[in-house]
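Structure, as structure tokens:
Bear in mind these aren't lab numbers, they're just calculated from the coordinates by the rules spelled out. The model shown is predicted, which means the values in this text are computed figures rather than measured ones. We place every Cβ from the backbone using ideal geometry, glycine too, and count neighbours over all the protein chains shown.
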Amino acid sequence: MERRKFISNNIAFGALAPAAYASMGSNEPGKTKEVFIEKVTEGQPHKGKVLAVIQPHCDDVPIFAAGTVAKLIYEGYTGYLIRTTNDEAAGAGATYGERIVNNEKDNAAVAKALGLEKSYDLNYSNHRMDELNIQEIKGRLIFLFRLLKVDTLICYDPWGTYEENPDHYITARAVEAARWMAGMNTDYPEQLEVVEPHNVQEMYYFARGPQLVNRVVDISRFIDRKVQSNVVCKTQGPGGDHGAQLRKKLATEGKKLAILGDNDQTANFNYIKAFVLDHDRKNGEKYGLEWAECFHYIGPTPSKLDAYIEQNATLL
């Protein structure tokens, strides 16, 4: 059985979140007064910086953050994809081993669609990450953050509320702890024989449900890239071949939808853009944009001491 079921009359939020809080709305800013609108910058201002994109399952980032990933890569980042589970429970009509292999192929295809350099699969059991010792997960992530010299990361929000999937909240908590510890020379010192401590500077955290939103990223120029990252998730999720399947089903009933076109490729692409990613269109409308993704963003804290020195220091 697929991990997510597509519900056509409420794909914007309810189909991707528990019914208990679907009525609360998706990613409502709520308690935050200041929301920064991040738009694309030309000239590759981030050239030389490294982005880590972390997801428990191969369809998480495609649904919630792929537009921002594509934008940051366009702006010069070198990116890597880290998947924490093996997605063994996702994919109908296949054996256990086939499901793992199929999802691994899909995950690699997501990385390619978004312009990421490489994908890492940590291969923890699907939907069972809450039974693991989080120290081991943290240790592996710390090593990767140090090895890759990660400057910025994208992942589920460790403070997002009403998250029911243990893979999501355990991954998020492990990532937050690991990025904090990666810059210290007292944590996992045995790693320092081959890697150096490294501080992660920026975090873009997304959530399936309510969260503090202080940054909205304009993904309008990258929506088609995001659509494609969902098209290649064939084994699970609301994307993949659902458009083609709907077109064929309607044909057997003597019906058709113009939006689905006349071939499978067009059907899949347009179905995902019109229905699966409708939440991005609605997020955009809130902020005067065409398409947008919402995040709890944490960046470098300006030094009050440096600011004070700049304003008050005099020459001897």
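Each of SER220, SER125 was scored by other Cβ atoms within 10 Å of its Cβ. Listed from fewest to most, they are SER125, SER220. Placing +1 on the Cβ of every Lys and Arg and -1 on the Cβ of every Asp and Glu, with no other charges, gives the chain a dipole of roughly 780 debye about its Cα centre. Within the same chain, aspartates and glutamates fewer than 8 places from LYS234 are excluded, and of the rest, those with a Cα less than 19 Å from its Cα are GLU2, ASP59, ASP60, ASP87, GLU88, GLU98, GLU104, ASP106, ASP121, ASP224, ASP264. Sparse packing (at most 11 other Cβ atoms within 10 Å of the Cβ) combined with a DSSP loop state is found for the following GluC sites (Glu not before Pro) in the stretch 198-297: GLU253. Under the convention that each Lys and Arg Cβ holds +1 and each Asp and Glu Cβ holds -1, the size of the dipole of the stretch 203-316 around its Cα centre is about 440 debye. Cross-link pairs exceeding 29 Å between alpha carbons, from the set LYS118/LYS138; LYS105/LYS256; LYS248/LYS273: LYS105/LYS256.
Per residue of the chain, the DSSP helices (runs of n ≥ 4 H) give a summed -39500 (n - 2.57) that works out to -10500 deg cm²/dmol at 222 nm. Just checking my list (i) 20.4, 87; (ii) 23.7, 77; (iii) 19.9, 69 against Rg and Dmax of the Cα atoms in Å computed from this structure; which label fits? Derived directly from the coordinates: (i).
Result for the chain in a Gaussian network model with C-alpha springs under 10 Å: among LEU144, LEU305, LEU277, the largest mean-square fluctuation is at LEU305. Here's the picture: charge each Lys and Arg Cβ at +1 and each Asp and Glu Cβ at -1 in the stretch 49-89, and of ILE63, THR85, ALA52 the one pushed furthest to the positive end of that dipole is ALA52. Helix 166-181 and the longest principal axis of the Cα set of the chain meet at an angle near 20°.
Subtracting the Cα-Cα distance of GLU196 and VAL101 from their residue separation scaled by 0.36 nm leaves 30.9 nm. With a Förster radius of 35 Å applied to the beta-carbon distance between ASP241 and ASN133, the computed FRET efficiency rounds to 0.40. Identify, among TYR297, TYR205, GLY243, the residue whose Cα sits farthest towards the positive end of the charge dipole of the chain, taking +1 on the Cβ of Lys and Arg and -1 on the Cβ of Asp and Glu, with the dipole about the Cα centre. The one lying farthest along the dipole's positive direction is GLY243. The mean sequence separation of alpha-carbon pairs under 8 Å and at least six residues apart, normalised by the residue count of the chain, gives a relative contact order of 24 percent. Per-residue extension of 0.36 nm, minus the Cα-Cα distance of GLU42 and ASP278, leaves a gain of 82.3 nm for this segment.
For the chain, the longest principal axis of the C-alpha atoms and the axis of helix 134-148 are separated by about 80°.
Among TYR205, TYR169, which comes first, then next, by fewest other beta-carbon atoms within 10 Å?
Exposure proxy ranking, most exposed first: TYR169, TYR205.
Each of ALA113, GLN265, ASN185 was placed along the dipole of the chain (beta-carbon charges, centred on the mean Cα), and the one lying farthest toward the positive end is GLN265.
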